[in-house]
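Student: Questions regarding the structure given below will be posed in turn.
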Amino acid sequence: MKDFKILEIKQNVFDDNNRQADELREQLKKEKTFLLNLMSSPGSGKTTTLTRTIQALKDEFRIGIMEADIDSDVDAKTIAETGVKVIQLHTGGMCHLDADMTKQGLEGLGTQEIDLAILENVGNLVCPAEFDTGAIKNAMILSVPEGDDKPLKYPLMFSIVDVLLINKIDVLEYFDFDLEACKERVKKLNPNVKIIAISARTGEGLEEWADWLRTTVKEWKEKED
Amino acid sequence: MHELSVLFEIVKQVELVAKKNEVEHIETLILQIGELSSMIPHYMKKLYPAAIEGTILADSRLEIEVIPANGLCKDCRQVFNLIKEKGTCPTCQSKSFELLSGKEFMIKEILCS
Ligand SMILES: Nc1nc2c(ncn2[C@@H]2O[C@H](COP(=O)(O)OP(=O)(O)OP(=O)(O)O)[C@@H](O)[C@H]2O)c(=O)[nH]1
Ligand SMILES: [Mg+2]
Ligand SMILES: [Zn+2]
């Protein structure tokens, strides 16, 4: 029998990433580039909402988009049609983006020429919640067909976001989605979250969302001046 | 596949420590996972062999210590398990508590040579 020694490590698995995320936020401050991390389940409407958001804000901000699909560039092509800068990140099959990958993505985007960078994270409600990307604000989309019980099933995600968009409200009547009950569940987990009901299809609520984003970016920039 | 990407992250961190300490062979990796963490020990164990293939951890064993989700009752100071008691103090029925443990996700130590 061989002799083994014990090597104590005592290291929080997320520490490394959290540190890199803080460094990235510092860097973004200096470069005056606001980074929004957008998360959701697959198909809840991230790309459609982004397209609308770009249309609403592209005259005010120089926007750059990072698409983090696991292995396709369909979304990047859709976004490219809006005329803003977009890059495809390769997550190598990973189910989330960490701060290091986000930083590389931003380098690819070239932050000097970007005021507002938006990251479309991998479609998934678990992993992205646990890895801080270094974003200034975190947004999440929950769509009506997914059900109003999602806050109960994925509490971490709902508790870390700054803003929640409840999308596809144009189809509310076909689903037993209780909007008020859902909002209440989310507020219980996260009293400070901003909740906006939208339809990326009809455009309902998108003005309020664009206003929130515009104000948040401006306030952040002024704070750093 | 949440657990798999997290395992890759762990392997990366252990490799760094091993290199720094001139470790040649790792027999066992010991993790501490809180009951409230989203990591499921059962899946971690299942995916472990795939995550360590071709790394310094190849052929090592994974051991997981589960840390209980304990709360301290703010009203009567009783310590109780939050999951078992569903967040309510078994002594005074209060729902207000301070979280003492259960959110950990730590690389505790390795047995190595
Ligand atoms: N009815 C309705 N459909 C919508 C709405 N928003 C998006 N969709 C549809 O939902 C589907 C998925 O939308 P995407 O924008 O591709 O969703 P996504 O979150 O980017 O999807 P992934 O990147 O694949 O995870 C598409 O068929 C959209 O047309 C909405 O507000 N109402
Ligand atoms: Mg998409
Ligand atoms: Zn009590």
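Student: Magnitude of the Cβ-charge dipole of the range A:26-217, K/R +1 and D/E -1, about the Cα centre, nearest 20 debye?
Tutor: 380
Student: Right, something else. For a quick check, take a GNM of chain B with Cα springs below 10 Å and name the residue from B:PRO68, B:PRO90, B:PRO41 with the largest mean-square fluctuation.
Tutor: B:PRO90
Student: I would also like to ask the following. Which whole number gives the average, over all residues in B:97-110, of C-beta atoms from other chains lying within 10 Å of the residue C-beta?
Tutor: Numbers: counts 0, 0, 0, 0, 0, 0, 0, 2, 5, 7, 7, 5, 7, 6.
Mean number of neighbouring Cβ atoms from other chains: 3.
Student: Could you work out the relative contact order of chain A, using alpha carbon pairs under 8 angstrom and six or more residues apart, expressed as a whole percent? Present the calculation step by step, with values, prior to reporting the outcome.
Tutor: Numbers: 394 pairs, mean separation 53.0, N = 225.
Averaging sequence separation for qualifying contacts and normalising by length gives 24 percent for chain A.
Student: Nothing charged except the Cβ atoms of Lys and Arg (+1) and of Asp and Glu (-1): what's the magnitude of the dipole of chain B about its Cα centre? Round to the nearest 20 debye.
Tutor: Details: 13 positive and 16 negative charges, 109 e Å.
Magnitude of the dipole: close to 520 debye.
Student: Compute the distance from the alpha-carbon center of the range B:34-113 to that of the range A:68-97, in whole Å.
Tutor: Distance between centres, Cα-based: 35 Å.
Student: Hey, rough spin-label estimate for A:LEU152 and A:GLU208, points 7 angstrom out along Cα→Cβ, what's it come to in nanometres?
Tutor: A separation of 2.5 nm, rounded to one decimal place.
Student: May I ask which of A:LYS103/A:LYS137; B:LYS19/B:LYS45; A:LYS29/A:LYS137; A:LYS187/A:LYS218; A:LYS168/A:LYS194 have a Cα-Cα span longer than 20 Å here?
Tutor: Numbers: A:LYS103/A:LYS137 15 Å; B:LYS19/B:LYS45 24 Å; A:LYS29/A:LYS137 13 Å; A:LYS187/A:LYS218 25 Å; A:LYS168/A:LYS194 17 Å.
Too far apart for the 20 Å limit: B:LYS19/B:LYS45; A:LYS187/A:LYS218.
Student: Going by average Cβ density within 10 Å per residue, which order do the peptides B:42-49, B:103-110, A:198-205, A:46-53 take, highest to lowest? Before the final figure, lay out each step's value.
Tutor: On the way: B:42-49: 15.5, B:103-110: 19.4, A:198-205: 17.6, A:46-53: 22.0.
Averaged packing, sorted descending, gives the order A:46-53, B:103-110, A:198-205, B:42-49.
Student: Still on this structure: I'd like the FRET efficiency for A:LYS30 and A:GLN55, computed as 1/(1 + (r/R0)^6) with the beta carbon distance as r and R0 of 25 Å, rounded to 0.05.
Tutor: Working: r = 29 Å, r/R0 = 1.18.
Efficiency at R0 = 25 Å is approximately 0.25.
Student: For the protein assembly as shown, list the cysteines whose Cβ sits under 4.7 Å from no other cysteine Cβ?
Tutor: A:CYS182, B:CYS112
Student: What residue among B:ILE40, A:VAL171, B:ALA50 has its Cα farthest toward the positive end of the dipole of the protein assembly as shown, where the charges are +1 on Lys, Arg and -1 on Asp, Glu, each on the Cβ?
Tutor: The Cα lying farthest towards the positive end belongs to B:ILE40.
Student: In terms of modelled amide H atoms, which long-range or inter-chain residues lie less than 5 Å from the amide H of A:ASP178?
Tutor: Hits under the 5 Å cutoff: A:ASP148.
Student: Read phi for every residue in the range A:159-173 and hand back ³J(HN,Hα) as whole Hz from Karplus 6.51 cos²θ - 1.76 cosθ + 1.60, θ = phi - 60°, with x for Gly and Pro.
Tutor: 8, 9, 7, 8, 9, 10, 9, 9, 9, 6, 5, 5, 10, 3, 5
Student: Now for a separate question. Quote the convex hull volume per residue of the protein assembly as shown, based on C-alpha atoms, as a whole number of Å³. Write out the running numbers ahead of the final one.
Tutor: Working: hull volume 56.8 nm³, N = 338.
Cα convex hull per residue, to the nearest whole number: 168 Å³.
Student: Follow-up question, since we're still on this one. Suppose every K and R has +1 on its Cβ and every D and E has -1 on its Cβ; what is the size of the dipole of the protein assembly as shown about the Cα centre, in Debye to the nearest 20?
Tutor: Details: 42 positive and 58 negative charges, 139 e Å.
Its charge dipole is roughly 660 debye.
Student: Considering the dipole of chain A built from charges on the beta carbon (Lys and Arg +1, Asp and Glu -1) around the Cα centre, which of A:THR49, A:THR82, A:PHE4 is farthest to its positive end?
Tutor: Positive-most Cα among the choices belongs to A:PHE4.
Student: Continuing with the same structure: Taking A:LYS150 as the anchor, which aspartates and glutamates have their alpha carbon closer than 15 Å to its alpha carbon, excluding any fewer than eight residues away along the same chain?
Tutor: Straight-distance partners of A:LYS150: A:ASP176, A:ASP178, A:GLU180, A:GLU184.
Student: Given the -39500 (n - 2.57) contribution per DSSP H run of 4+ residues, what per-residue ellipticity at 222 nm results for the protein assembly as shown, rounded to the nearest 500 deg cm²/dmol?
Tutor: Roughly -11000 deg cm²/dmol at 222 nm, from the helical runs in the protein assembly as shown.
Student: Could you check how many percent of all C-alpha pairs in the range B:1-108 are farther apart than 25 Å? Intermediate results must be reported in sequence, preceding the final value.
Tutor: Working: 2080 of 5778 pairs.
Across the range B:1-108, Cα pairs with separations above 25 Å total 36 percent.
Student: Let me ask something additional. Starting with the fewest neighbours, write out A:TYR174, A:TYR154 ranked by other beta-carbon atoms found within 10 Å of each beta-carbon. Can you show the working numbers first?
Tutor: Numbers: A:TYR174 10, A:TYR154 19.
Fewest-to-most ranking of A:TYR174, A:TYR154: A:TYR174, A:TYR154.
Student: Here is a further query. Based on the Cβ-Cβ distance from A:LYS218 to B:ILE40, what FRET efficiency comes out when R0 is 41 Å, to the nearest 0.05?
Tutor: Numbers: r = 42 Å, r/R0 = 1.03.
E between A:LYS218 and B:ILE40, to the nearest 0.05, is 0.45.
Quick note: the coordinates plus some simple rules give every number you see, no bench work behind them. Computed from a predicted structure; not experimentally measured. Heads up, the Cβs are rebuilt from the backbone with ideal geometry, glycines too, and the neighbour counts pull from every protein chain shown.
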